[in-house]
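Just so you know, all these numbers are worked out from the coordinates, no wet-lab data involved. Keep in mind that this is a model prediction, so the values were computed, not measured. Counting neighbours? That spans all protein chains shown, and the Cβs are built from the backbone with ideal geometry, glycine included.
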Amino acid sequence: MVQLTRIYTRGGDKGKTSLGDGTRVNKGSLRVSTYGTVDEANGVIGLARMHTADDPEADAMLARIQNDLFDLGADLCTPIKENEDPSMALRIQAPQVKRLETEIDAMNAELQPLKSFILPGGKPAASYLHLARSVIRRAEREMSLLIESEEVNPEALKYANRLSDHFFVMARYLNDKGASDVLWVPGKNR
């Protein structure tokens with residue numbers, strides 16, 4: 001269990017931070033930016049959860065995702081070492097990806113097929129989930145760039161990819177199972 005007795009350390013006062021393995025890097029590094037974006041998505045989920053009290057199942061899914069996003073951040077902040085002992089670093093695992101897929105399929109089964117693209121909006125929880133989706137998509141793009149120069153857990157990228165789909169489907173689900181979706185009307189304001 002993590003125990004924080006002091007919140008500020010002054011260690012980052014010169015623009016450096018420590019990765020999970022203790023390596024000091026610039027706070028603007030792609031790795032730090034990537035797990036920072038994951039943290040941002042988690043904050044948006046916190047906002048969405050302020051509006052899910054009337055749907056305990058959706059709220060429980062989001063609570064699990066928030067915890068998973070801390071796992072994802074831990075995964076991303078700890079570079080993979082050659083011959084790494086799997087028990088030594090917290091990594092996203094395939095069952096976490098599978099759980100998202102199962103939840104997506106269950107929610108999507110209750111939705112009508114799309115006949116238009118959807119604009120972010122509708123109910124407050126759905127609106128925040130559309131924002132979380134766009135933030136996690138940015139994290140996914142950053143992970144894709146990071147992979148070009150450093151090894152990244154492949155399950156981490158899969159998790160981010162499924163999570164954006166999860167947020168999209170859950171947004172529709174919380175928008176009265178799609179009835180309150182805001183549809184895009186191409187060329188409407190020409």
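Some values worked out for this structure:
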item: Which listed residue is touching a residue at least 24 places away in the same chain (Cβ under 8 Å) and β-branched (V, I, T), from I118, I147; result: I118
item: Boolean, R24 is without any contact (Cβ under 8 Å) to a residue 40 or more places away in the chain and at positive phi; result: no
item: Checklist (1) on the phi < 0 side of the Ramachandran plot; (2) surrounded by fewer than 16 Cβ atoms within 10 Å (Cβ to Cβ); (3) charged (D, E, K, R) applied to D176, failing item; result: (1)
